[in-house]
Structures are given as structure tokens and as C-alpha cells.
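Below is one structure; the comments refer to it alone.
The values are calculated or read from the model by the stated rules, or taken from the named source; none is laboratory data. This is a predicted model, so every value here is computed, not measured. Positions of Cβ are generated from backbone atoms using ideal geometry, with glycine treated the same way; all protein chains shown enter the neighbour counts. Side chains are part of the model used for accessible areas, which takes the heavy atoms of the whole protein and leaves out ligands, DNA and RNA. Shrake-Rupley method; radii C 1.70, N 1.55, O 1.52, S 1.80 Å.
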Amino acid sequence: MNRFVAAERALRTAAPHELLDAIRAVLVDQYGAEDVELFMADYGLTVLQPVSVLPHILEPVSVHNSPAGRAFGSQEPYCEETRDGRARLHLPVSVRGDRLGVLSLTLPEAGAARRWESELAEIAEVLGHEVAVAERDTDLYLQARRKDRLTLAAEMQWQLLPGRSCSRPEYELAAQLEPAYAIFGDNFDWSATADHLMLYVTNGMGEGIEASLLTNLAINALRNARRAGISIADQAALADQAVYAHYRGRCYLSVLMFDFDLAAGRASVVDAGSPQLLRLRGGTVERVSFDAQLPLGMFEETDYVAQDFDVEPGDRLVFVSDGVHAVASPKGEEYGDAALARAIHSTRLLPAAEVPRAILRELTGHRGEAVPDDDALVVCLDWHGRPPAG
């Protein structure tokens, strides 16, 4: 049995909470590895948290200025050569573009790291898939993602999200919420088939548990309608009815909905509220406006109409909630279109997965305080278009 097959089999047969022990044993036995550790990206994307199971206890490492963070950011293996001739190899752990963390291990000499790097990178990818499956049955990896305690509302919101990034040949998609450990009602959701990408960006109403309950109701109503195979206009109408039936107009939810046709490069759009879209095309950032319709649940039996929207290969679409666009500086100045355009332009060379966090860092500088008093949501979609059939 070759080394890769041994590692894959060990991961697939391990108990959900024992994935790290299983891969550590194989890497030590088959590759002569030392100090095998798994780090998970925290909710705020600021540190990589060790998956600590006694007696293995480590400190978190920075996403921004550490060797493991370099592998996480670039999504490429990164190798450190030590003075004693050993090599510390850091491997991204991801699932279909969703960046989970980093697998770090020490090898006896740098030549071994170069020789086995691609094989070990594949093992890290298998580990990512197994972690995603294992999270159904254990809290170990979810606990490792948090450097602080989540509020109950934030716990509910994070469990509602599909992931933080994903990629396909036609697009790359990423999103981030702030404050990560005490979010309220903002949300994003996506789902893809062979020919379509559905994307929802929501701007919740209220605070705490009430905001989270409202968002959970609306998102699950949209998912229920989407899984019935109906159009986004009808999805909006059914979710609107569900929210109104419960709240009778006291609470409502803004949502911007897209149904992208991956082959045609077109989308059907329902704009039901305050999330906004800016497009970077050919070096120019511009705001894209749609015909505004009523938020979900504001009135009984609202009808929604979808609009057409075209995308071109090379387009970058950035969606923001009002916690980004309307946030004020200490002098009372709104962040607004101009500042957003500068932030989008300044991050144009970053991959989509890095853009939301980079824009939110710039927003923190404008706001002048570390903890916002409203959710801030940024979603970035890089559109490549469908490659020609070969």
C-alpha cells in the first residue's frame, strides 16, 4: 500500500474527533514527520487556532504575518528551512475553495519536503473534506475556530451560513461578517447546480436573538422555495409570506437575490431592500442599481419581479450591507460610494477570498473604533465565465 492511500484510508476510517491523531500517525510512520499540527481559521479570519487535544497544546498563530498564515492566504504550500536542515511545511486545508485552515508538519530534511510537497498537499485536501464531514458529528473543529466565545445570536448565524468561500471554473465567491463573535441579522447564502448559482445577500433588522430568529426564518423560507425548483421572484414571494405570517409587518428583512446562468453569463435579480452592489470592470468601480422592491415581510402578499443583469468575464462584484455603506466616522461622515470604490480598487489584485476581510479592515480605520454597533457584511464574486468546451 503506498503512502497516500494509507493516509487516505486512515482519515476515512478514523472517528470524527480523531482525524488529527489518525493523520499524525500516518505522517510520522510513512514520511518520518515530526510535530504534526492542524490549525483552523477563526471566525474573524485573524488567527489560526490549533486543534488542541491534550497533551498537544499550542498558541494561535497570525493569519497575516506567520508562515502558516502565508500558506493560508496564498492557498499554496509554504516551506520553512530550519538551521538544523529540517523543513517545516505548511499546507492549506480547504474544501472546494472554502479555506478551513492549515496542516503544519516538520520533515527531517528539506529535500524530503520538496520531493513530497505535492503529495502531502493532496493529503491536506483529503483532510479538509473529512473535517467538513466530521463537523456533523463532533464540535471539536468548530470549537477550534473560535478565539473568543460566540454570542448565542452569532452561533445561530454562523450555523446558517454555507461557508466563507467557494470556487468553480466560472466564478470565485467569498464573504465575511463583522463583528464575527457578536453578529446580528446580516447573512449570505449560496447554492450551485451544474448551470446555475443562486446567491442571497441579506440585511437583517434588529439585534441579538430577535434579529437572528428573523434571519433564520427568512433564509430557511428562501431555501425551502429554492429547493422546490421555483424562480427567484416566487422564492421572494413565498419567503415574504412566511415572514409576514409570523411577524405581521412588525419585522422584515432586506435581501438582494441573484440567479446566475453560468453558461449565458446573465442573472435574474430581485432587489428587496438595502444590500448594495458595486462592480469593478476594466479598472472602473461603479454602483449597480436595480428597481427597488419591498423588503420581505413588510406587507401581506407582496408581488416580486425579477430583473435582468449581465456579467462579463473579469467582472468583480462586491455586495455590501448598510453596516458597511452607511457606517459613520467619528466626525459623522458616511463611508459611502467613494470610499467603497477606493477600497475595491485598492484590493483589485487580491484573490476573491481575501477581499471581504481586506475591505472590512479599511472600514475599521474609517469607523475609528474596533467594535461596530451594526453588522458589516461584504461578499465578493469574481466572474470568469464558463470556459469553452474543449
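Criterion applied to I344, I359 was being open to solvent by less than 60 Å² (accessible area, probe 1.4 Å) and at pLDDT 95 or above, and the one residue passing it is I344.
Of all residues in region 193-215, those that are open to solvent by 40 Å² or more (accessible area, probe 1.4 Å), under 20 Å from the mean Cα position of the chain (by Cα) and touching a residue at least 60 places away in the same chain (Cβ under 8 Å) total 1. The lone criterion from (1) modelled with pLDDT of 95 or more; (2) open to solvent by less than 20 Å² (accessible area, probe 1.4 Å); (3) not in a helix (DSSP H, G or I) left unmet by L45 is number (1). Restricting attention to region 271-299, the residues being assigned to a strand (DSSP E or B) and either in contact with a helix residue (DSSP H, G or I) (Cβ under 7 Å, 6 or more places away or on another chain) or basic (K, R) (or both) number 9. Pairing each residue of region 112-125 that is open to solvent by 50 Å² or more (accessible area, probe 1.4 Å) with any residue that is part of a helix (DSSP H, G or I) and of a type in the set (S, T, Y), provided the two are 6+ apart or on different chains, yields no C-beta distance under 6 Å. Considering D271, D303, D240, the condition of being of a type in the set (D, E, K, R) and either over 19 Å from V201 (Cβ atoms) or touching a His at 6+ places or on another chain (Cβ under 8 Å) (or both) is satisfied by D303 alone. Here the condition is being among the small types (G, A, S) and surrounded by fewer than 16 Cβ atoms within 10 Å (Cβ to Cβ); of G85, G101, G73, it holds for G85 alone. Of the residues making up region 1-25, those that are touching a residue at least 24 places away in the same chain (Cβ under 8 Å), farther than 26 Å from R146 by Cα and hydrophobic (A, V, I, L, M, F, W, C) are F4, A6, A7. Residues in region 96-111 that are touching a residue at least 60 places away in the same chain (Cβ under 8 Å) and over 17 Å from G69 (Cα atoms): 3 in all.
Results for (1) among the aliphatic types (A, V, I, L, M); (2) within 18 Å of L199 (Cβ to Cβ); (3) more than 25 Å from the chain's Cα centre (by Cα), shown as yes or no for each residue.
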site	(1), (2), (3)
M298	yes, no, yes
Y304	no, yes, yes
Q307	no, yes, yes
D310	no, yes, no
G314	no, no, no
S329	no, no, yes
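When R114, R70, R88 are screened for being among the charged types (D, E, K, R) and outside any helix (DSSP H, G or I), only R88 passes.
Residues of region 227-244 include at least one that is under 17 Å from L381 (Cβ atoms) and either in contact (Cβ under 8 Å) with a residue 24 or more places away in the chain or crowded, with 22+ Cβ neighbours inside 10 Å (or both).
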